[in-house]
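Quick notes on the structure that follows.
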Amino acid sequence: MESVKIDTKGQDCPLPLIALKNALAEAEEGQEIELEFTCPEATVNLPNHCQEAGVEILSFDKNESKSWTIKVRK
Amino acid sequence: MATLASGLLFGVLFGFVVKRSRFCMTGLVRDIYLEKRLYNIALIAAIVAVEGLIYHGLGHLHLVRIPFYLPPFSLVSIALGSLLFGIGAVVSSGCLTSTLVKCGDGRVAGLISLVAFVLTGYFVSAGPGKDVSKYLRSFFIVEDMLPGRRSIIPVIVFAVLAVVIVAVLYRHRKTHPKPFEIPGRYTGMRHVLCEKNWPMEPTVVIIGILMGLAFPVSGHFGRHFGFAIVSPILSWAYTAFPARGIVGSCNPYDTMFGWGSMLVVGIVVGSLVATVVAREFSIVLPDASTAVKMVIGGVLMGLGGVWGHGCLIANGLVGTAQLSLKSWYALVFLVLGIWMATRLLLKPALKKG
């Protein structure tokens, strides 16, 4: 099962969250999704959504290019 | 000089708190509908209650001037303006305060939105479009008179509300799972000030206190009002390009350069400071479609801010605490505008899982 990569750099909230929700809706059980974003507010609402939806957060990294990457498993 | 410095200081503190907590008023209202987060109502109410308690409490101690008279307002202008402002805030991914915060943290999208707002706001308040604004304000005019607004009753009501809502927030924090913590590099105060996302419960109380204290401080310098954003931003344009017969916004003071003008600069500076100490600063360019949205959002907020006599902050959080009927009326349409834009623009983008 290939992991899904999404780039939302330059987009502000709630677009990164919508992108993650859409990816989760289409993903198979156990599939990994990696989303890169620059919206600082998404550092709150992305993990919050994962927590509430029971989605496992595998990693949450701040990148050198000043973006963040969240990796989750459905 | 002290006037400008104190305005700047309040702006810096507010900008820092908003940036560190990722507070977004548009997001809070939007998510009541989009994410069914009814708890956000308590978060917004906490700001109004704490601020209202400080404002009316200090008013009774004669440390804040509570006006005898609030100007009458047009039901049409406020409704239309607030509706447009709410829509614009969603299109811009945040209201004017978020726009200022974005300018501080390097997001060019914020700057685009701000320029579009200033050009439009100036056009309809001081330029050729001001006749349209005057026309909209000329019919269905009602008095802004709430009986008992200057009595002890608001102090009691806001005191009870503040205690109840803060208790609700405290209970929510204790009974819900701890939010996900971003892995940190620092510890202690450095972690708190430089990288931690501040939880929303203490944040809204701090914002309520800041907004409440803005009344006596700016009142000390002759500006008897609290936080405002629309006119203070436009005051820079009025100063650079003087005009006669300006159609003002939420208060009569901020069409002149002063406390409010520095408040909005302070928000940008506060956001910049919070971003730099967090090592998050970078210039983020929007793609073409985002840039277009920023222009449209900025134009709608320019029209809405002038026609609606204020924004989500001045009407939604400040005028409501002052018990202005105009602001409560405006809040209804601000919320409707945000929800309408969410329904039409954001909901269709969601796929069913």
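Quick one: accessible surface of B:VAL124, probe radius 1.4 Å, all protein chains present, in square angstrom to the nearest 10.
Result for B:VAL124: roughly 10 Å² accessible.
Give the dimensionless ratio obtained when the Cα radius of gyration of the protein assembly as shown is divided by 2.2 N^0.38 Å.
Details: Rg = 21.2 Å, N = 427, 2.2 N^0.38 = 22.0 Å.
After normalising by residue count via 2.2 N^0.38 Å, the value is 0.96.
Per the 1.4 Å probe, what fraction of the accessible area of the stretch B:2-352, in percent, lies on carbon and sulfur atoms?
Heavy-atom surface of the stretch B:2-352 belonging to carbon and sulfur, 1.4 Å probe: 75 percent.
Relative to the present Cα-Cα distance, how much length would full extension add between B:ARG173 and B:MET1 at 0.36 nm per residue of separation? List each step's numbers first, then the result.
Values: separation 172, 0.36 × 172 = 61.92 nm, distance 4.20 nm.
Roughly 57.7 nm would be gained on extension.
How many Å² of accessible area per residue for the stretch A:4-73, probe 1.4 Å?
With the other protein chains kept in place, the stretch A:4-73 gives 40 Å² per residue.
Measuring from label point to label point, each 7 Å out along Cα→Cβ, what is the B:HIS62 to B:HIS191 span in nm?
Roughly 5.0 nm, to one decimal.
With unit charges on the beta carbons (Lys and Arg positive, Asp and Glu negative) and the dipole taken about the Cα centre of the stretch A:4-73, which residue among A:GLY10, A:ALA23, A:ALA53 sits farthest to the positive side?
Going by the charge dipole, the pick is A:GLY10.
Ranked from the most accessible area to the least, with a 1.4 Å probe and all protein chains present, what is the order of B:PHE281, B:PHE68?
B:PHE68, B:PHE281
If amide H atoms are built 1.01 Å from N in the plane of the peptide, which residues on other chains or at least 5 residues away come under 5 Å of the amide H of A:VAL4?
Placed amide hydrogens put A:GLU32, A:ILE33, A:GLU34 under 5 Å from A:VAL4.
Per residue and in Å³, how big is the convex hull formed by the alpha-carbon atoms of the stretch B:191-296?
159 Å³
Report the chymotrypsin sites (Phe, Trp or Tyr not before Pro) located in the stretch B:103-193 that are in a DSSP loop and have at most 15 other Cβ atoms inside 10 Å of their Cβ, or state none.
In loop regions of the stretch B:103-193 (DSSP not H, G, I, E or B), the sparsely surrounded chymotrypsin sites (Phe, Trp or Tyr not before Pro) are B:PHE139, B:PHE140, B:TYR186.
Gap in Å between the Cα centre of the stretch B:19-44 and the Cα centre of the stretch B:235-262?
The stretch B:235-262 and the stretch B:19-44 have Cα centres separated by 30 Å.
For the stretch A:1-68 and the stretch B:327-353, what is the separation of their Cα centres, given in Å?
Using only Cα atoms, the two centres lie 23 Å from each other.
How high is the FRET efficiency between B:LEU38 and B:GLU181 when r is their beta carbon distance and R₀ equals 25 Å, given to the nearest 0.05? Write out the running numbers ahead of the final one.
Values: r = 25 Å, r/R0 = 0.99.
FRET efficiency, B:LEU38 to B:GLU181: 0.50.
Could you compute how much accessible area chains B and A hide from each other, both sides summed, with a 1.4 Å probe? Nearest 100 Å² is fine.
Accessible area lost upon association: around 2600 Å².
Sorting A:LYS62, A:LYS21, B:LYS134 by accessible area (1.4 Å probe), largest first, what list results? Don't jump to the answer; show the numbers that get you there.
Details: A:LYS62 75, A:LYS21 40, B:LYS134 100 Å².
Largest to smallest exposure gives the sequence B:LYS134, A:LYS62, A:LYS21.
With a Förster radius of 25 Å, plug the Cβ-Cβ distance of B:MET256 and B:VAL115 into 1/(1 + (r/R0)^6) and report the FRET value to the nearest 0.05.
Values: r = 22 Å, r/R0 = 0.89.
Given R0 = 25 Å and the Cβ-Cβ separation, E is 0.65.
Please average, across the residues of B:275-284, the number of beta carbons from any other chain that are within 10 Å of each residue's own beta carbon, and give a whole number.
Whole-number average of other-chain Cβ neighbours for B:275-284 is 3.
In the protein assembly as shown, what % of DSSP beta bridges are antiparallel (nearest 5)?
Here the antiparallel bridges make up roughly 75 percent for the protein assembly as shown.
Can you work out the PRE-style zone for B:ARG150? Point 7 Å along Cα to Cβ, and I want the residues of the stretch B:34-70 with backbone N under 18 Å.
Label zone hits: B:55-70.
The values are calculated or read from the model by the stated rules, or taken from the named source; none is laboratory data. On a predicted model such as this, the values are computed, not experimentally measured, just so you know. So basically every Cβ, Gly included, is an ideal-geometry build from the backbone, and we count neighbours across all protein chains shown. The area values use the complete protein model at the heavy-atom level, side chains included, leaving out ligands, DNA and RNA. Shrake-Rupley method; radii C 1.70, N 1.55, O 1.52, S 1.80 Å.
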